[in-house]
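A.B. asks: Sending over a structure as structure tokens; questions will come in a sec.
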Amino acid sequence: MSKPKIPSTDSVEELARFWDTHDATDFEDEVEEVKEPLFVRRPGTVMTIRLEPKEAEAVEKIAKAKGVEEATLLREWVLEKIQGS
């Protein structure tokens, strides 16, 4: 049986599903050591919004359909509104 390939994707969910069912030591010959962090926290201000459960579910559904995180979707919407003003 051939060894599966590591998914080439930016989807955190897809990668999580893969690594939940595979052992990283089986892929040591296919990966390289990272010298610098790839995920650097960008400067910014964190804001909180309150949504009704129905609204939150709608955001989750739309974000999932677009393949993005809810926060990313909401940030895009806010920026679109600001730039459109």
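The values are calculated or read from the model by the stated rules, or taken from the named source; none is laboratory data. Computed from a predicted structure; not experimentally measured. Ideal geometry is used to build each Cβ from the backbone, glycine not excepted, and the neighbour counts take in all protein chains shown.
A.B. asks: Within the stretch 58-79, identify whether any single residue is outside any helix (DSSP H, G or I), aromatic (F, W, Y) and free of Cβ contacts under 8 Å to residues at least 40 places away in the same chain, and answer yes or no.
C.D. replies: no
A.B. asks: State whether the residues of the stretch 45-55 include one that is among the acidic types (D, E) and under 19 Å from the mean Cα position of the chain (by Cα).
C.D. replies: No: the stretch 45-55 contains no residue that is among the acidic types (D, E) and under 19 Å from the mean Cα position of the chain (by Cα).
A.B. asks: Those residues that are in a loop (DSSP other than H, G, I, E, B) and in contact (Cβ under 8 Å) with a residue 12 or more places away in the chain, I need them from the stretch 22-57; list them, please.
C.D. replies: H22, V31, I49 - these are the residues of the stretch 22-57 that are in a loop (DSSP other than H, G, I, E, B) and in contact (Cβ under 8 Å) with a residue 12 or more places away in the chain.
A.B. asks: Name every residue in the stretch 31-74 that is under 27 Å from P7 (Cα atoms) and basic (K, R), in order of residue number.
C.D. replies: Answer for the stretch 31-74, where residues must be under 27 Å from P7 (Cα atoms) and basic (K, R): K35, R41, R42, K61, K64, K66.
A.B. asks: Could you list, in sequence order, all residues of the stretch 61-84 that are within 15 Å of S11 (Cβ to Cβ) and acidic (D, E)?
C.D. replies: E69, E70
A.B. asks: Now for a separate question. What are the residues in the stretch 1-42 that are of a type in the set (D, E), modelled with pLDDT under 85 and within 26 Å of K64 (Cα to Cα), if any?
C.D. replies: Within the stretch 1-42, just D10 meets the criteria.
A.B. asks: Are any residues in the stretch 2-16 of a type outside the set (S, T, N, Q), assigned to a loop (DSSP other than H, G, I, E, B) and under 16 Å from F27 (Cα atoms), and if so, which ones?
C.D. replies: Passing the criteria: K3, P4, K5, I6, P7.
A.B. asks: So, one more: Has the stretch 9-20 got at least one residue that is surrounded by 10 or more Cβ atoms within 10 Å (Cβ to Cβ), among the acidic types (D, E) and in contact with an Asp or Glu (Cβ under 7 Å, 6 or more places away or on another chain)?
C.D. replies: Within the stretch 9-20 (the criterion being surrounded by 10 or more Cβ atoms within 10 Å (Cβ to Cβ), among the acidic types (D, E) and in contact with an Asp or Glu (Cβ under 7 Å, 6 or more places away or on another chain)), the answer is no, since none of the residues qualifies.
A.B. asks: Can you tell me how many residues in the stretch 57-85 are exposed (fewer than 12 other Cβ atoms within 10 Å of the Cβ) and among the small types (G, A, S)?
C.D. replies: Number of matching residues: 4.
A.B. asks: Turning to a different aspect of this structure: Could you list, in sequence order, all residues of the stretch 60-85 that are under 14 Å from M47 (Cβ atoms) and of a type in the set (A, V, I, L, M, F, W, C)?
C.D. replies: A71, L74, W77, V78, L79, I82
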